[in-house]
Amino acid sequence: MSEKAQQTEHRPPPPPPPRPPRNVGEEATATPPRNVFIAWLVVLVMLSVMLFMLNSGGLQRNVQEIDQTEFYASVTNHTIKKCEIIRESASGIAHVSGVRKLPDGKEGRFRLDLYYGETLNQHLVANGIPVKYPSTFWTQVLFEILPIVLFIGLLYFIFMRSARSAGMGAMNFGKSRAKMLSQDKQKVTFANVAGIKEAKEEVEEIISFLKAPQKFQKLGGRIPKGVLLLGPPGTGKTLLAKSIAGEAGVPFFSISGSDFIEMFVGVGASRVRDMFEQGKKHAPCIIFIDEIDAVGRSRFTGIGGGHDERDQTLNALLVEMDGFETSEGVIIIAATNRPDVLDPALLRPGRFDRTIVIDLPTLDGREEILRLHAKKVTLAPNADLRRIARGTPGFSGADLANLLNEAALLAARLDKAAIEMKDLEEARDKVLWGRERRSRAMDDKERRITAWHESGHALVQVLLKNTEPVHKVTIIPRGMALGATMSLPEKDILNKTSNQLRDELVVLMGGRIAEKLHTGDISTGARMDIRMASRIGRHMVCEYGMSELLGAQAFGDNQEMMFFGREVSRTQNYSEETARRIDAEVTRLLHEAFARAEQLIQEHRQLLEQVVERLLEVETMDGRDVKELLELGRILTEEERLARETAATEKAPAADTLPPVVGAAPPPPPTDEHVPPGTVA
């Protein structure tokens, strides 16, 4: 963004009529250079003439010139096999050629010129010699040249069309491929963006500046020259940029970072300069560069030289954004999901002054996104989008849009008039774990082992205090899993305590212990549980400082994502003795979780068997059914549930009078230090 809000050069008051999207360098790329096509055409014509001459020469070789006497003698002796006559109308001379039998028994071609008359034709017919009257010489030439001309025209058409579509004229490699957003198309505004409220508020300042720059200039402020949008894939970075263009009402150029890089050296830098030149002509304007990490990667890799095509392109971009040739009135908005590989010079103030992080949507944001996409589909009255939002933590906006689309396809496949809650939940489970694989063969023994495994998870999760409510338990195979126990968080979890993580370890161990209790053996079905438990335990020790032995220390900085060349030489920052202590602490956490889970399952084995039998009967159990079966020994009817909820609403028990949960971990010790959110991976 420039320090001046108004453009000094004169601009005509009436804006030009809207045009469809086109390349910025369309004037130059619409008609490729004619010199290239003329050169190709000359080469092909010369090649065609040479081929024709060679062909004509080949026809004239081994042709014997004879006189009239010899010709008539051959006709009389019936040694002429066939004859062709080409008559010249002006002089009456006929060019006669054909094939005759030679004295040695072979055949050879002959030709002669003689006066054409009726006697020649009658003489040939009388002796039974077939006569052919071919077309004129120029007609013959036309038929010889016409295929070659058609072939040349086809090559010219293909080459010209590919050059126009790709803009790859010989003199147009350096032209920018940025496309101007057409104003006559359907606009994307802030009404089409949901779930990123804070990001919308930040970019609204840019729109306000473009509409009323005097409001900011009178206080001496300047609008940021560049805005960098960071966030995971599918969170709405590109959609937010489109909405800025729709709200601002200024020229909006869109280009991808990969469009700058070509096989020719210097093309990327030339395209950057051309893009900013076009931006100056339409200033004030917005240039959006999607996936800028393709061109803005760090130059300090530490390996090899640094003067390649990408570096030249990046240097040109740095100069245009804030160098001696600063572009006034050109605002750059870039998007990437790899900020760790961007060059530091690109991120400094003056180039990208503002960084907007677009994170995964919260619970309210997910519900807002679902309601926005639900306007395009038909929902049944029982569709609870709030419940779906609760069951989709970690979903991006693109994931939620895909969820509703899958639900719509499922409902349409079943010939339903509207999307029901069952369709939404099935679509969510399909996106998370894959489609149900009922065709996957499982005998009774495997089904029972899977039921014990999933029931063990569900039992421990209900009994413990610091866990999320059970949402669904199923033994129907989905994706690569034979069964699943799903949770339904009450709210977004931004921070986790040590007790919560320890209870998660206990829940993960519950499946292995339950199936061991049933069969007396262990199986491979717990491999993902063990992997997740090991990862959580190592994070607790190495990153979160939740080990009483090692204390608040962080280990293993080299575990982070490395950019090639930057951290190749990084070594381990702790000793071998510390590594052994870390392994011992992780092992201790896992063994403690295993012991707690084993104790809970042994104490409540009868309840576990009830869940197993019910699960084998219905294959899928709702979280409320599991809780009621464990607490009351049976599943309530809908009338009993309604009466119970009404009684609980009228007289809710105080928090300090609630009975303790069996097997719950002790509460965390009080602390004055606040743990920052977002520290749990």
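The values are calculated or read from the model by the stated rules, or taken from the named source; none is laboratory data. For clarity, every value in this text was computed on a predicted model and none was experimentally measured. For neighbour counting, all protein chains shown are included, and Cβ atoms are generated from backbone atoms with ideal geometry for every residue, glycine included. We work out accessible area using only protein heavy atoms, side chains counted, and drop any ligands, DNA or RNA first. Shrake-Rupley method; radii C 1.70, N 1.55, O 1.52, S 1.80 Å.
Tabulated data for the structure shown
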| quantity | calculated |
| --- | --- |
| Total residues in the stretch 431-445, condition in a helix (DSSP H, G or I) and surrounded by 16 or more Cβ atoms within 10 Å (Cβ to Cβ) | 3 |
| Hits in the stretch 327-348 - residues which are more than 22 Å from Met275 (Cβ to Cβ) and over 24 Å from the mean Cα position of the chain (by Cα) | Pro344 |
| Single residue of the stretch 65-95 satisfying the filter (at pLDDT 80 or above and of a type in the set (A, V, I, L, M, F, W, C)) that is nearest to the chain's Cα centre (by Cα) | Cys83 |
| Residue in the stretch 149-161 that is part of a helix (DSSP H, G or I), at pLDDT below 70 and exposed (fewer than 12 other Cβ atoms within 10 Å of the Cβ) present | yes |
| Residue match in the stretch 415-430 (condition: of a type in the set (Val, Ile, Thr), at pLDDT below 90, on the phi < 0 side of the Ramachandran plot and open to solvent by less than 60 Å² (accessible area, probe 1.4 Å)) | no |
| Residues of the stretch 497-545 satisfying the condition of being at pLDDT below 90 and touching a Gly at 6+ places or on another chain (Cβ under 6 Å) | Ala526 |
| Evaluation of Ala458 against (1) assigned to a helix (DSSP H, G or I); (2) under 18 Å from Val626 (Cβ atoms); (3) touching a Leu at 6+ places or on another chain (Cβ under 8 Å) (one fails), failing number | (3) |
| First in the stretch 524-543 and within 15 Å of Leu589 (Cβ to Cβ), second anywhere and hydroxyl-bearing (Ser, Thr, Tyr) and open to solvent by less than 100 Å² (accessible area, probe 1.4 Å), Cβ under 9 Å, 6 or more apart | Gly537/Thr587; Met540/Ser498; Met540/Ser547; Val541/Ser547; Glu543/Thr679 |
| Any pair with Cβ under 7 angstrom, 6 or more apart, that starts in the stretch 223-246 at a residue that is over 15 Å from Glu202 (Cβ atoms) and small (Gly, Ala, Ser) and ends at one that is open to solvent by 10 Å² or more (accessible area, probe 1.4 Å) and modelled with pLDDT under 85 | Ala245/Leu181; Gly246/Lys187; Gly246/Val188; Gly246/Thr189 |
| Filtered residues of the stretch 116-148 (kept if exposed (fewer than 14 other Cβ atoms within 10 Å of the Cβ), modelled with pLDDT of 75 or more and on the phi < 0 side of the Ramachandran plot) | Val125, Ala126, Pro130 |
| Total residues in the stretch 226-260, condition over 20 Å from Arg351 (Cβ atoms) and part of a loop (DSSP other than H, G, I, E, B) | 8 |
| Qualifying residue in the stretch 514-524 (condition: assigned to a helix (DSSP H, G or I), buried (at least 24 other Cβ atoms within 10 Å of the Cβ) and either of a type in the set (D, E, K, R) or touching a helix residue (DSSP H, G or I) at 6+ places or on another chain (Cβ under 9 Å) (or both)) | yes |
| Number of the exception - Lys175 against (1) open to solvent by 50 Å² or more (accessible area, probe 1.4 Å); (2) more than 26 Å from Asp353 (Cβ to Cβ); (3) modelled with pLDDT of 75 or more | (3) |
| Filtered residue count, the stretch 399-414, keeping only those that are crowded, with 19+ Cβ neighbours inside 10 Å, among the aliphatic types (A, V, I, L, M) and within 21 Å of Ala194 (Cβ to Cβ) | 5 |
| Residues (crowded, with 22+ Cβ neighbours inside 10 Å and more than 14 Å from Glu425 (Cβ to Cβ)) located in the stretch 368-394 | Ile369 |
| Filtered residue count, the stretch 476-495, keeping only those that are open to solvent by less than 40 Å² (accessible area, probe 1.4 Å) and more than 19 Å from Lys445 (Cα to Cα) | 5 |
| Residue pairs meeting the criteria (Cβ under 6 Å; at least 6 apart or on separate chains; first over 27 Å from Ile86 (Cα atoms), in the stretch 141-155; second at pLDDT below 75 and surrounded by 12 or more Cβ atoms within 10 Å (Cβ to Cβ)) | Ile152/Leu44 |
